[in-house]
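Working notes, structure below.
The values are calculated or read from the model by the stated rules, or taken from the named source; none is laboratory data. Just so it is clear, the structure is predicted and the values come from calculations on it, not from any experiment. Cβ placement follows ideal geometry from the backbone for every residue including glycine, while neighbour counts extend to all protein chains displayed. Heavy atoms of the whole protein, side chains included, go into the accessibility calculation; ligands, DNA and RNA do not. Shrake-Rupley method; radii C 1.70, N 1.55, O 1.52, S 1.80 Å.
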Amino acid sequence: MTNTEIPDATEVVVVGAGQAGVAMSEHLTKRGISHVVLERGRIAERWQSERWDSLVANGPAWHDRFPGLEFDDVDPDAFAPKERVAQYFAQYAAHFQLPIHCGIEVTEVTRLDGRSGFRVVTSAGEIEAQYVVAATGPFQKPAIPAVVHEEAGIHQIHSSSYRNPDQLPAGGVIVVGAGSSGVQIADELRSSGREVFLAVGPHDRPPRRYRGRDNVWWLGVLGKWGASAPPAGAEHVTIAVSGARGGETIDFRDLAARGITLVGRANAFENGVMRFGDDLGTNIRNGDANYLSVLDEADAYIESRGLDLPEEPEARVLGPEPECVTHPVRELDLAEAGVTSIIWATGFGVDYSWLHVPGALDANGRPVHDRGVSGAPGVYYVGLPWLANRGSSFIWGVWHDAKYVTDQIGIQRDYQAYEGSAARIV
């Protein structure tokens with residue numbers, strides 16, 4: 001929707017119309033709770049304008065969707081292109097006739113003085129609401145480590161600004177970050193003929209498929225989607241999994257065989273020289289151990305239930321470590337190596353500079369909440385990683401989180417509607 005006329009008041013204002021905002025609106029609509037969703041761009045804007053051209057969903061179409069609508073033109077086991085994912089959410093909003101207003105930016109949310117509710121200031125006017133849901137997601141502010149200064153003469157962009165190899169100046173590229181984004185971008189750049197160095201940090205490396213089942217299925221039956229918190233020390237570990245090439249298990253040996261030079265973490269830059277950590281071999285081996293542990297759990301699950309799934313012994317065959325791992329590059333003179341660009345696939349930070357409600361954020365500007373229920377009464381969050389469990393920032397998971405948050409709003413509405421009993425005991 002593109003309607004820019006907003007009401008003066010409503011019960012709930014949802015900020016953001018990505019997957020979290022759309023899910024939230026569906027549940028509020030089903031509960032009959034009046035609300036508006038305000039989106040500064042288009043529905044699923046980040047899928048449309050902040051992802052590279054060849055991106056596909058990281059999960060198969062049968063799984064990476066909401067319950068109320070299937071992809072009608074994507075094979076259930078295929079991985080939908082980013083444009084189709086964005087279109088899916090727009091279709092979903094139209095299917096349920098959700099009150100989404102695009103082209104409206106929320107600039108400030110404050111409590112009303114002397115009464116309950118909030119004052120929501122937007123680019124199209126002000127709204128009063130009893131509840132505010134921040135559904136802006138986890139990918140708000142690109143995080144670029146302060147390693148290479150801007151005056152270094154190197155073209156630097158975040159992965160969210162990368163579109164295709166043609167946008168970069170001629171020359172080699174360092175891709176920093178070996179999660180889904182970094183691996184896919186590095187592979188695409190190498191396929192275009194570029195010299196590519198991939199800085200590999202700590203990561204998990206699950207199988208894309210094993211014994212006839214996709215990774216998302218294994219996460220489900222092994223109970224891993226429902227984990228309420230990441231293992232200690234793994235809060236920010238990236239996941240090396242991809243739907244590219246029709247979905248294949250990421251193996252850094254394969255990337256090296258394609259001509260990508262693997263290096264350790266990018267730690268420092270001085271006088272045109274990038275210095276890398278000595279952790280490359282450790283990170284690769286830890287990723288292998290994670291991969292093999294999933295296979296072990298999957299095999300045990302199959303055996304315990306007597307399932308007839310094809311054996312796959314070749315999945316356990318790991319080739320020798322490539323030369324770039326056994327004899328890693330620790331320093332790289334970028335000019336001598338012909339490197340002209342750095343792509344930082346280093347994740348995102350949050351930006352709630354518009355949310356001026358005491359108790360909603362901590363001293364570092366991060367949300368304070370319990371399963372999306374804020375420390376500030378009346379403020380809620382949806383779409384954050386680990387909001388409730390491992391699945392919270394994924395398409396299907398955010399739908400279930402939104403239902404829970406809607407239920408919490410409904411509970412509060414019931415309390416607020418109570419007017420007391422006319423009877424008194426004397």
Checked against the positive end of the charge dipole of the chain (+1 on Cβ of Lys and Arg, -1 on Cβ of Asp and Glu, about the Cα centre), the farthest of 350, 199, 27 is 27
Given 215-224, 10-19, the highest-first ranking by average Cβ count within 10 Å works out to 10-19, 215-224
Note on region 251-339: contact order normalised by length, alpha-carbon pairs under 8 Å, 6 or more apart, percent, works out to 44 percent
In whole percent, the fraction of accessible protein surface over region 337-419 that belongs to carbon or sulfur atoms, probe radius 1.4 Å, stands at 51 percent
Sorted by chain and number, the residues with a modelled amide H under 5 Å from that of residue 339, at a separation of 5 or more or across chains, are 172
Taking Cα pairs closer than 8 Å and at least 6 residues apart, the relative contact order of the chain in percent is 21 percent
Largest fluctuation, 166, 77, 351 only, Gaussian network model of the chain with Cα springs under 10 angstrom, belongs to 166
For region 267-324, whose charge dipole is built from +1 on Lys and Arg Cβ atoms and -1 on Asp and Glu Cβ atoms, the candidate among 318, 271, 287 with its Cα farthest towards the positive end is 271
Quick calc, residue 282 & residue 312: beta-carbon distance into FRET formula, R0 30 Å, rounding 0.05, result 0.65
Zone reached by a paramagnetic label modelled 7 Å from residue 304 Cα along Cα→Cβ, restricted to region 196-223 with backbone N below 13 Å, covers 221-223
Carbon and sulfur atoms account, in whole percent of the 1.4 Å probe accessible area of region 220-325, for 49 percent
The simple spin-label model distance between residue 293 and residue 408, using points 7 Å out along Cα→Cβ, in nm, is 2.9 nm
The FRET efficiency for residue 110 and residue 155, from their Cβ-Cβ distance with R0 = 35 Å and rounded to 0.05, is 0.30
1/(1 + (r/R0)^6) with r = Cβ-Cβ of residue 245 and residue 419, R0 = 56 Å, i.e. FRET efficiency to nearest 0.05, evaluates to 0.35
One finds the C-alpha centres of region 67-118 and region 293-308 to be spaced, in Å, by 38 Å
Dividing the mean separation of Cα pairs under 8 Å (6+ apart) by the residue count of region 25-160 yields a relative contact order in percent of 23 percent
The aspartates and glutamates whose Cα lies under 13 Å from the Cα of residue 224, excluding any fewer than 8 residues away in the same chain, are 297
With Cα coordinates, the longest principal axis of the chain makes an angle with the long axis of helix 19-30, in degrees rounded to 10, of 30 degrees
